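Novice: Sharing a structure with you now.
FYI, it's all coordinate maths here, none of it is from the lab. Owing to the predicted nature of the structure, the values given are computational and were not obtained by experimental measurement. Here Cβ is always computed from backbone atoms with ideal geometry, including for glycine, and neighbour counts include all displayed protein chains.
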Amino acid sequence: MCELRKRGLVTAVIVSEPFLKLGKTQARVFGVPELPLLLIPHPLGGLSLEQVEGRAGHAIPQVLQLIKEHAA
Amino acid sequence: MTNLAELLKSPGASLECEDDFDAVNELARGRGWSDGLPVVPPTASRVERMLAYCDRPWNEPVARMAPRYGEATPLRLAANAVMAGCRPEYFPLLVAAVEAMCEEPFNLYGIQATTHLCAPLVIVNGPVAKELDINSGHNAFGPGWQANATIGRAIRLALVNIGGAIPALGDMSTFGAPSKYSYLAAENEEASPWEPLHVERGLPREASAVTVIGAECPHNVNDHESITAEGILTTLAGTLLAAGTNDVYYHAQPLIVMGPEHAKTVASGGMSKADAKRFLHEHAHLPMRRFSKENIERRLRVTWKERLGAAGLDAPVYMVQRPEDILIAVIGGAGKHSAVIRTFGATQAVTRALKLRDGKYAKSVADFRKK
């Protein structure tokens, strides 16, 4: 993901709250500290399909915003 | 020859602290350079004594340790070895273990950052195990032996201080495991009826080697009654069964630690290691109905699509995918016990020989001393 970001593509990593710090650290380690991290509620495992759709609902507006910002 | 005083002048390589045990430990704890236990102050003179057993440049990384991908230079590793209480002659083994766990198939990133409770387990083989007095007998995985305790601890400190395995930051293990403090033992080669682990994995018997495994803690296998190979192996296969293991979803390599008495019983029936592995593979499976409905639909049928995609609920789910994936080592003292050690799953064991800089196998750790 970090390599794609370096090539200028719209790139983001979706993380749940407990993994936010790990995500930030990894982005820094791989040389793209500005890599967008899209936050969704925890957990991601052990969910019903409806709940998975709910998580996607959290992420999609953030993805759209990212694409808009990239285009602007 | 590397000059330590020169190396320590580079930014961040050293810092001043009051010459006091408590002050050093306060500083280490404050900076997170800790496994929670007191450390031996890594003074320049102690670090230099450790580096006497290093035959390569002290500031040249031997590996980069995930998830921080910090450079594991001999200098940094030596500081961690001092902090852990290692004797200088242990140092070549620490370097080999770190190199092994940073090889791609081991997946150190996954093992460090996962929510699973795994830790790198190091099995030591060859003459160096005896030379360094590494315990392979009674309580080999437990306390009481300086080499086991401190080399294992040095690995953990390096994983934290160089690799960034800081709880809730780079180490996301849901609850961790006591094996994260230290997890190292030697194979009891003298008590084994079979070829040692490093020979089975392609090295000459006279070589010394480390094998790293992304492992859970040992799970005991009590069998005081069986007097045949089939009996012992049936109990072992039965203990491999678990619906909640990572191993069932990967081409995993669980380790069977056979106690010497069990190993003798198995071998006395004429079984080779390969025979024992075939038996264990063949007998370690659960009917799919023993897994939860969700795990069947979302994991098993997807991961093993070809075999289980459309299979009925009585179809066997194998705990290990192929006989050759099972690792066997003979460890321990007297007693009718063995142990099953499951793994992180998404990891392969890596064996690395103790080699000198010129590529020759080390006959003794003394070979690493600067001439």
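Novice: Can you pull the one-decimal nm distance between simple spin-label points at A:Val10 and B:Glu294, each 7 Å off the Cα toward Cβ?
Specialist: That separation, rounded to one decimal, is 3.2 nm.
Novice: Tell me the GluC sites (Glu not before Pro) within the range A:27-72 that lie in a loop according to DSSP and have at most 14 other beta-carbon atoms within 10 Å.
Specialist: Working: sites: A:Glu34, A:Glu50, A:Glu53, A:Glu69; in loops: A:Glu34.
Hits after loop and neighbour filter: A:Glu34.
Novice: Got the relative contact order for chain A handy, in percent, Cα pairs under 8 Å and 6 or more residues apart? If you can, show how the numbers build up before the last one.
Specialist: Details: 70 pairs, mean separation 22.4, N = 72.
Relative contact order, chain A: 31 percent.
Novice: Quick one: helix B:74-84 against the long Cα principal axis of chain B, what's the angle to the nearest 10°, folded into 0 to 90?
Specialist: Roughly 80 degrees between the two axes.
Novice: Give the angle, between 0 and 90 degrees and rounded to the nearest 10, that separates the Cα long axis of helix A:49-71 from the longest principal axis of the Cα atoms of chain A.
Specialist: Around 20 degrees separate the two axes.
Novice: So, one more: With 17 Å as the cut-off, how large is the P(r) tail for the range A:2-71, expressed as percent of Cα-Cα pairs? Before the final figure, lay out the partial values.
Specialist: Working: 1153 of 2415 pairs.
In whole percent, the long-distance tail amounts to 48.
Novice: Further question on the same structure: Hand me the trypsin sites (Lys or Arg not before Pro) from chain A located in a DSSP loop with no more than 16 other Cβ atoms within 10 Å, in residue order please. Could the numbers behind the result be given before it?
Specialist: On the way: sites: A:Arg5, A:Lys6, A:Arg7, A:Lys21, A:Lys24, A:Arg28, A:Arg55, A:Lys68; in loops: A:Arg7.
Here the sparse-neighbourhood loop sites are A:Arg7.
Novice: Express the C-alpha Rg of chain B as a ratio against the empirical globular expectation 2.2 N^0.38 Å, rounded to two decimals. Write down the numbers at each step before the final one.
Specialist: Values: Rg = 21.5 Å, N = 371, 2.2 N^0.38 = 20.8 Å.
That works out to 1.03 for chain B.
Novice: I would also like to ask the following. Just subtract the alpha-carbon distance of B:Ala243 and B:Asp358 from 0.36 nm times their residue separation and send over the number in nm, one decimal. Walk me through the numbers before you get to the answer.
Specialist: Numbers: separation 115, 0.36 × 115 = 41.40 nm, distance 4.73 nm.
So the extension gain works out to 36.7 nm.
Novice: On full extension of the chain, what length is gained from B:Glu18 through B:Asn59, given 0.36 nm per residue of separation minus the C-alpha to C-alpha distance?
Specialist: Details: separation 41, 0.36 × 41 = 14.76 nm, distance 2.56 nm.
Fully extending the segment from B:Glu18 to B:Asn59 adds 12.2 nm.
Novice: Per DSSP H run of at least 4 residues, take -39500 (n - 2.57); add these up for chain A, divide by its residues and hand me the 222 nm value, nearest 500 deg cm²/dmol.
Specialist: Numbers: 3 runs with 38 residues, N = 72.
My calculation for chain A gives -16500 deg cm²/dmol from helical runs alone.
Novice: Averaging sequence separations of C-alpha pairs under 8 Å and six or more residues apart, then dividing by the length of chain B, give the relative contact order as a whole percent. Please report the intermediate quantities before stating the final value.
Specialist: On the way: 759 pairs, mean separation 82.1, N = 371.
22 percent.
Novice: How much of the DSSP beta bridge set in chain B is antiparallel, as a percent to the nearest 5?
Specialist: Details: 26 of 34 bridges.
Rounded to the nearest five, the antiparallel share is 75 percent.
Novice: Say the cut-off is 24 Å between C-alpha atoms; which of B:Lys130/B:Lys264; B:Lys130/B:Lys370; B:Lys180/B:Lys305; B:Lys273/B:Lys360; B:Lys273/B:Lys363; B:Lys130/B:Lys360 go over it?
Specialist: Working: B:Lys130/B:Lys264 22 Å; B:Lys130/B:Lys370 22 Å; B:Lys180/B:Lys305 35 Å; B:Lys273/B:Lys360 29 Å; B:Lys273/B:Lys363 27 Å; B:Lys130/B:Lys360 20 Å.
From B:Lys130/B:Lys264; B:Lys130/B:Lys370; B:Lys180/B:Lys305; B:Lys273/B:Lys360; B:Lys273/B:Lys363; B:Lys130/B:Lys360, over 24 Å: B:Lys180/B:Lys305; B:Lys273/B:Lys360; B:Lys273/B:Lys363.
Novice: Direction-averaged shadow area of the convex hull around the Cα atoms of the protein assembly as shown, nm²?
Specialist: Working: hull surface 98.4 nm².
Quarter of the Cα hull surface area: 24.6 nm².
Novice: I've got another one for you. Measure nothing but the geometry: give the 0 to 90° angle between the long axis through the Cα atoms of B:21-31 and the longest principal axis through the Cα atoms of chain B, rounded to 10°.
Specialist: 60 degrees
Novice: List the lysines whose alpha-carbon lies under 25 Å from that of A:Lys6, not counting same-chain residues fewer than 8 positions away?
Specialist: Within reach: A:Lys21, A:Lys24, A:Lys68.
Novice: Restricting to bridges with both residues inside the protein assembly as shown, how much of the DSSP beta-bridge set is antiparallel, in percent to the nearest 5? Working shown, then result.
Specialist: Numbers: 26 of 38 bridges.
Percent antiparallel among DSSP bridges in the protein assembly as shown is about 70.
Novice: For A:Lys68 and A:Leu47, what does the FRET efficiency come to when R0 = 30 Å and r is the distance between their Cβ atoms, rounded to the nearest 0.05? List each step's numbers first, then the result.
Specialist: Working: r = 28 Å, r/R0 = 0.94.
For A:Lys68 and A:Leu47, the calculated efficiency is 0.60.
Novice: Which distance in nm do the two modelled labels at A:Lys21 and B:Thr234 give, with both placed 7 Å along the Cα-to-Cβ direction?
Specialist: About 5.1 nm, to one decimal.
Novice: Please sort by residue number the GluC sites (Glu not before Pro) in the range B:16-120 whose DSSP state is loop and whose Cβ has at most 13 other Cβ atoms within 10 Å. Working shown, then result.
Specialist: Working: sites: B:Glu16, B:Glu18, B:Glu26, B:Glu48, B:Glu71, B:Glu89, B:Glu99, B:Glu103; in loops: B:Glu16, B:Glu18, B:Glu103.
Hits after loop and neighbour filter: B:Glu16, B:Glu18.
Novice: Okay, moving on. Could you tally the net charge around A:Arg28, taking each other residue with its Cβ under 14 Å from the Cβ of A:Arg28, Lys/Arg +1 and Asp/Glu -1? Walk me through the numbers before you get to the answer.
Specialist: On the way: positive: A:Arg5, A:Lys6, A:Lys21, A:Lys24, B:Arg68; negative: A:Glu34.
Computed value for this residue: +4.
Novice: Could you tell me which residue out of A:Pro36, A:Ile60, A:Gly8 lies farthest along the dipole of the range A:2-71 toward its positive end? Charges go on the beta carbon: Lys and Arg +1, Asp and Glu -1, centred on the Cα centre.
Specialist: A:Gly8
Novice: Hey, another quick one. Across the range B:56-180, how large is the tail of the calculated P(r) beyond 19 Å, expressed as a percent of all Cα pairs? Walk me through the intermediate numbers first.
Specialist: Details: 3570 of 7750 pairs.
The share of Cα pairs beyond 19 Å in the range B:56-180 comes to 46 percent.
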